[in-house]
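Student: Below you will find the structure I want to go over with you.
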Amino acid sequence: MFRPAALFIGLRYTRAKRRNHFISFISLMSMLGIALGVLVLITVLSVMNGFDREIKNRVFSMVPPITVTTVADFISNWQVVQGLVKQNPNVISVAPFVTGQVLITNDGVVQPAILDGVDPAAEKNITELPQKMVQGKLEQLIPGEFDVVLGEELADRLNASVGDKITVVTPQVSLTPAGVIPRFKRFTVVGIFRAGSGFGFDGTLAFIHLQDGQKLMQLGTSVSGVHASLKNVYAAQVVSQQLAAKLGPNARVTNWTEQFGAFFHAVSLEKTMMFFILLLIIAVAVFNLVCTLMMVVNDKESDIAILRTFGATPKMIMAVFMVQGAIVGVIGTFLGVVGGLLLAHNVTEIVNGIESLFHVQLISSSVYFVNYLPSEIQTMDIVRISLAALIFSLLATLYPAWRASRTEPVEALRYE
């Protein structure tokens, strides 16, 4: 079978047992160094992808992508506004809401909270609150019954459980013969939700029915605003601009990026910087490859001279050693990708096993948002890492191969 001479000789040099075993050892270390660098890079980026996924799920499950309010803090013709928002092709569904900051008291304990009045039937299309319920159901919020759903952490602080009566105190005041007194209302706890730690949803949010919220906040038939869910949450800024232009100057259109955009940008920047920093591991292995090929060139000077006397061109000699270095890079990258995929796929179970074996908690939800090590393998990360390792390996072969091509046959064979 015909093979190019440079490829054939390069493969023979790679398979042959060298007279200098130290060169073989350095070559093996270079290969393992590239494999280790690729393995570590794939694993670290997969773990960061996992944290990014968990954080986004935590945020997007509770935060509406788009919120439309007005400068007056209430919308009387909200049905018209809801219809205009729904006309946007990127909007999936729209739901009205009432919101306000309140104090909640129970058994002498007072806690601040954000009280949202929602329509349970419409809320399931905006957030994942119905799926976050750990006790009761969101559908148990019945208008006129003045029921409330509390976050798990907020319920713990209030020592409240399902069936308890709590008191909600609003900033509005009422005029009575006894003077000005704050408005308050008794609510029955019918459910508790758990959105997870990290963003304070469980400790600051409480939900009541939309109609009860209108009565409590004295809004009549008005609402505080409308929420909208999108086909693509990352298009929130563009959709916000479109809606602001359509609804006029009195409308205030906000989106999730204004509250959490900087945080996600920091996570993305951290992942990018980690990618370039960990590439240094591969770069170190590539420097070893340069040294290995330089020693091979010195070891093979007589062989190079003989090939030159048989008519081999400098380009052919250069190709021989580029093939040899490229093989080391390809095998090292392949081993690193396989090892990285295996480790990234099983890193959660490995860390859980270590925690169980040594009775320690390496990942705390109070610090890392989750109490386990998440991992998500993304194809583009694998492609970028593999290409970077292969390009580095190929660049590492250029100088040694060029030096080999400059070998003079007469000088190399003079003392043979």
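Student: Which of the residues that make up the range 81-122 are within 29 Å of the chain's Cα centre (by Cα) and part of a helix (DSSP H, G or I)?
Tutor: A122
Student: So A262 passes all but one of these: (1) open to solvent by 20 Å² or more (accessible area, probe 1.4 Å); (2) over 24 Å from I114 (Cβ atoms); (3) assigned to a helix (DSSP H, G or I). Which condition number does it fail?
Tutor: Going through the list (1) open to solvent by 20 Å² or more (accessible area, probe 1.4 Å); (2) over 24 Å from I114 (Cβ atoms); (3) assigned to a helix (DSSP H, G or I), A262 breaks only (2).
Student: Can you pull out the residues in the range 56-79 that are open to solvent by 10 Å² or more (accessible area, probe 1.4 Å), at pLDDT below 90 and assigned to a helix (DSSP H, G or I)?
Tutor: Correct list: K56, N57, R58, F60.
Student: What helices (runs of 4 or more DSSP H) lie completely within the range 266-384 and have 1 or more residues being in contact with an Asp or Glu (Cβ under 6 Å, 6 or more places away or on another chain)?
Tutor: Answer list for the range 266-384: 301-309.
Student: While we're on this one: For I192, work out the one condition from (1) of a type outside the set (S, T, N, Q); (2) in contact (Cβ under 8 Å) with a residue 12 or more places away in the chain; (3) out of contact with any strand residue (DSSP E or B) (no Cβ under 8 Å at 6 or more places or on another chain); (4) more than 21 Å from V223 (Cα to Cα) it doesn't fulfil.
Tutor: In the conditions (1) of a type outside the set (S, T, N, Q); (2) in contact (Cβ under 8 Å) with a residue 12 or more places away in the chain; (3) out of contact with any strand residue (DSSP E or B) (no Cβ under 8 Å at 6 or more places or on another chain); (4) more than 21 Å from V223 (Cα to Cα), I192 misses (3) alone.
Student: Can you find a residue in the range 333-353 that is under 17 Å from F51 (Cβ atoms) and of a type in the set (F, W, Y)?
Tutor: no
Student: Restricting the search to the range 24-41, which residues are open to solvent by 30 Å² or more (accessible area, probe 1.4 Å) and of a type outside the set (F, W, Y)?
Tutor: Across the range 24-41, the qualifying residues are S24, I26, L28, M29, M31, L32, L36, L39, V40.
Student: Here is a further query. Checking the conditions here, which among T309, T254, T292 is among the hydroxyl-bearing types (S, T, Y) and within 24 Å of the chain's Cα centre (by Cα)? Lay out the reasoning, then the answer.
Tutor: Working: T309 fails: within 24 Å of the chain's Cα centre (by Cα); T292 fails: within 24 Å of the chain's Cα centre (by Cα).
That would be T254, the only listed residue that is among the hydroxyl-bearing types (S, T, Y) and within 24 Å of the chain's Cα centre (by Cα).
Student: OK, next. Kindly state which strands (runs of 3 or more DSSP E) lie completely within the range 128-241 and contain at least 2 residues that are among the charged types (D, E, K, R).
Tutor: Result: 179-193.
Student: Suppose the filter is without any contact (Cβ under 8 Å) to a residue 60 or more places away in the chain, surrounded by fewer than 20 Cβ atoms within 10 Å (Cβ to Cβ) and in contact with a strand residue (DSSP E or B) (Cβ under 8 Å, 6 or more places away or on another chain); does Q135 pass it?
Tutor: Answer is yes for this residue.
Student: Got a sec? Which of V44, V109, V98, V85 is crowded, with 21+ Cβ neighbours inside 10 Å, over 23 Å from G261 (Cβ atoms) and touching a residue at least 12 places away in the same chain (Cβ under 8 Å)?
Tutor: Values: V44 fails: crowded, with 21+ Cβ neighbours inside 10 Å; V109 fails: crowded, with 21+ Cβ neighbours inside 10 Å; V85 fails: over 23 Å from G261 (Cβ atoms).
Criteria check complete, one pass: V98.
Student: Quick check on G200: is it open to solvent by less than 50 Å² (accessible area, probe 1.4 Å), under 32 Å from the mean Cα position of the chain (by Cα) and on the phi > 0 side of the Ramachandran plot?
Tutor: Criteria met by G200.
Student: Kindly indicate whether S222 is under 34 Å from the mean Cα position of the chain (by Cα) and either buried (at least 16 other Cβ atoms within 10 Å of the Cβ) or charged (D, E, K, R) (or both). Steps first, please.
Tutor: Numbers: under 34 Å from the mean Cα position of the chain (by Cα): no; either buried (at least 16 other Cβ atoms within 10 Å of the Cβ) or charged (D, E, K, R) (or both): yes.
Judged against the criteria, S222 is not a match.
Student: Just wondering, is there one or more residues in the range 340-354 that are of a type in the set (D, E, K, R), free of Cβ contacts under 8 Å to residues at least 12 places away in the same chain, farther than 28 Å from M380 by Cβ and surrounded by fewer than 17 Cβ atoms within 10 Å (Cβ to Cβ)? It would help to see each step written out before you state the result.
Tutor: Initially, the range 340-354 is screened for residues of a type in the set (D, E, K, R), giving 349.
Imposing the further condition that a residue be free of Cβ contacts under 8 Å to residues at least 12 places away in the same chain reduces the set to 349.
Then keep just the ones that are farther than 28 Å from M380 by Cβ; that gives none.
No - not one qualifying residue is present in the range 340-354.
Student: Quick one: how many residues across the range 138-157 are open to solvent by less than 10 Å² (accessible area, probe 1.4 Å) and in contact with a helix residue (DSSP H, G or I) (Cβ under 7 Å, 6 or more places away or on another chain)?
Tutor: Residues that pass the stated criteria total 5.
The values are calculated or read from the model by the stated rules, or taken from the named source; none is laboratory data. Just so it is clear, the model here is predicted, and its values are computed rather than measured. Here Cβ is always computed from backbone atoms with ideal geometry, including for glycine, and neighbour counts include all displayed protein chains. Remember, those area values only see protein heavy atoms, side chains included, never the ligands or the DNA or RNA. Shrake-Rupley method; radii C 1.70, N 1.55, O 1.52, S 1.80 Å.
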